[in-house]
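Structure first, commentary second.
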Amino acid sequence: MRDDSTRQSVLFPDLFSKPLVAQFDEQHGSSDGGAILLKACDARLGLTRRLAASLADRRQAGKVEHTIGDLVRQRIFGIACGYADANDAARLADDPIHKLLLDRDPLSGLSLASQSTLSRFENAPSRAELYRMSVALAESVIERHRKRLGARRVKHVTVDLDPTDDPTHGQQQLTFFNGHYNTWCYLPMAGFLTLNHEAEQYLFAYVLRAGNAPAKQGAIGILDRVIEQLRKNFPRVRILVRLDGGFAGPALLNFLEAAGVDYIIGMAENKVLTRRAKRLMGKARRRSKRSGKTAHVYGHTRYAAHSWKKRKRHVIIKAEVVQLEGRTPKDNPRFVVTNLKGAPRRLYKKVYCGRAEIENRIKELHHGLEIDRTSCTSFLANQLRVLLAAAAYVLMQELRLVARHGKCARAQVSTLRERLLKLGARVERSVRRIVLHLPSAFAYRAEWRRIARSLGAAPA
């Protein structure tokens, strides 16, 4: 009687000098041996523990095999390792590394939760529980950086909010056709923090919204919570809120001024602003004509929109004429409202345009962690999915932070996964300890060991 692993073997009879057999018979092996670094990151953040504590368990106690904490960790660690769907649970059920991540015996421990169990889990949380999870996510991120940098050493924090599109292809609740993106979608909002002048922008919020939501919907609530948390953790901090066009309504501006924070926010063009920019645009056209290249001229004005009730605010004007080869020069005036003082050119280029970097973070969320895998019918279930993916991203950002002095300092999420997590391992367990046998020829062995030491490992 043949073993099942033999039936799954393949033979290459002529590929090499000798016949080669590829056989799936390593029962105690895993392709995610490096994922124990994620557990070390989570131990430092306390993230999965906080998220699990936000959820109530309404199941019958006698029928429970997997705790809420285990289900949260299984999904978050799985997403970080590249398994975005609950359907992947069938392939990971007996993976020794993934069982180890849930504090189970890697060889004889209980198998991981099935797809059906995970699907019931995703559809169980209430709106209030998801709100608590969102708060816990932000608290975990902010408290981690307070411990890392010190409460009094953080002098400046920049808060960026940015909506993005999440195309849908089924019967999900609250999906609508959006003309700007030309698709049926959700319009989630992502929030990031930049501490002092660090290069990284740390995710602290990801809120799913209906496909027809205006850009500013929910912004005040998110900002109100994060400003309070930042001041609680960093008593000397100066907060800057930096937003794209579509946010500059009177309610948001009044809120930011009442909260005593700095802001710099894009504004839509209108007839009054176009008239104010006329002189600067003429100057930009002349410069562009002389040079044959795109030209910029910066200025500022005091402006009060009708909805602002005659309250004048400082508006920066960027008069731009775009020159592209073979095309007619195009006027492209831009406007930004701010309460910051300084030269218009510096405020626009150095401060406002710095928000463009969050586009790379959003791309990582979409392409590295598939945060747009919102295929559940229930809107709340999809909100849970994006929160779990956001938590996985927070762990990956912590991993990148620990790796900042090496070759993975600015690596994308997918690169971090390939270099540090996707590592073939054979698990050996004895009475005294568990041993992971990793490849001696691993290309990033020195980097992996250095990161492990930074996360609390000791020479063995």
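Taking 119, 140 and ordering them by how much accessible surface each has at a 1.4 Å probe, largest first, produces 119, 140. Please name which of 217, 298, 196 has its Cα lying farthest along the dipole of the stretch 178-312 towards the positive end, using unit charges on Cβ (Lys, Arg +1; Asp, Glu -1) and the Cα centre as origin. Sorting the options by dipole projection puts first 298. Here, the stretch 385-449 yields an orientationally averaged convex hull projection of 5.9 nm² when only Cα atoms define the hull. For residue 36, the solvent-accessible surface with a 1.4 Å probe is about 50 Å², rounded to the nearest 10. For the chain, the solvent-accessible area works out to 51 Å² per residue, with a probe of 1.4 Å and every protein chain left in place. Averaging the sequence gap over all C-alpha pairs within less than 8 Å and six or more residues apart, then dividing by the number of residues, gives the stretch 254-342 a relative contact order of 33 percent. The value obtained for the stretch 223-267, namely the Cα convex hull volume divided by the number of residues, is 64 Å³ per residue.
Trypsin sites (Lys or Arg not before Pro) within the stretch 112-199: which are DSSP loop residues with at most 14 other Cβ atoms inside 10 Å? Sparse-neighbourhood loop trypsin sites (Lys or Arg not before Pro): 152, 153, 155. Put simply, the C-alpha atoms of the stretch 85-235 give a gyration tensor, and the ellipsoid matching it has half-axes of 31, 27, 13 Å, longest first. The modelled label-to-label distance between residue 274 and residue 409, using points 7 Å beyond Cα along the C-beta direction, is 4.7 nm. Across q = 0.09, 0.16, 0.17 Å⁻¹, the stretch 1-138 modelled as identical point scatterers on its alpha-carbon atoms has Debye log10 I(q)/I(0) values of -0.36, -0.90, -0.98, in the order of the q list. Extents of the stretch 5-80, taken as max minus min of Cα coordinates on every principal axis and listed largest first, are 59, 32, 17 Å. Calculated on the Cα set of the stretch 245-330, radius of gyration then Dmax: 15.7, 49 Å. 3J(HN,Hα) along the stretch 210-220: 4, x, 10, 5, x, 4, 7, 4, x, 5, 5 Hz, from the Karplus curve 6.51 cos²θ - 1.76 cosθ + 1.60 with θ = phi - 60°, whole Hz, x for Gly and Pro. Across the stretch 179-193, computed HN-Hα scalar couplings (Karplus, 6.51 cos²θ - 1.76 cosθ + 1.60, θ = phi - 60°) run x, 5, 8, 6, 7, 7, 6, 9, 10, x, 10, 9, x, 10, 10 Hz from first to last residue, x flagging Gly and Pro. Pairs exceeding 27 Å between alpha-carbon atoms, taken from 310/330; 155/309; 293/407; 271/310: 310/330; 155/309; 293/407. Working ranking of peptides 58-70, 173-185 by packing, defined as the average number of other Cβ atoms within 10 Å per residue, highest first, is 173-185, 58-70.
Counting only residues at least eight positions apart within a chain, or on another chain, the lysines with an alpha carbon under 28 Å from that of residue 99 are 39, 63, 422. Between residue 10 and residue 367, the contour length at 0.36 nm per residue exceeds the alpha carbon distance by 125.3 nm.
Compute the FRET efficiency between residue 90 and residue 302 as 1/(1 + (r/R0)^6), taking r as their Cβ-Cβ distance and R0 = 60 Å, and round to the nearest 0.05. Spell out each step's value before the answer.
Numbers: r = 63 Å, r/R0 = 1.05.
Efficiency at R0 = 60 Å is approximately 0.40.
Subtracting the Cα-Cα distance of residue 114 and residue 460 from their residue separation scaled by 0.36 nm leaves 121.0 nm.
First check a/c for the chain, with a ≥ b ≥ c the square roots of the eigenvalues of its C-alpha gyration tensor; if it is under 1.5, answer rounded, and if not, answer prolate when a/b is larger than b/c or oblate otherwise. Verdict is prolate for the chain. Legend: Rg and Dmax of the stretch 309-415, from Cα coordinates, 20.2, 54 Å. Rounded to the nearest Hz, the phi-derived 3J(HN,Hα) couplings of the stretch 230-236 under the Karplus curve 6.51 cos²θ - 1.76 cosθ + 1.60 (θ = phi - 60°) are 5, 5, 5, 8, 10, x, 9, where x marks glycine and proline. Among the protein heavy atoms of the chain, carbon and sulfur supply 50% of the accessible surface, probe 1.4 Å, non-protein parts ignored.
The values are calculated or read from the model by the stated rules, or taken from the named source; none is laboratory data. Just so it is clear, the structure is predicted and the values come from calculations on it, not from any experiment. Positions of Cβ are backbone-derived with ideal geometry, glycine not excepted, and every protein chain shown enters the neighbour counts. Note: areas computed on protein heavy atoms with side chains; ligands, DNA, RNA excluded. Shrake-Rupley method; radii C 1.70, N 1.55, O 1.52, S 1.80 Å.
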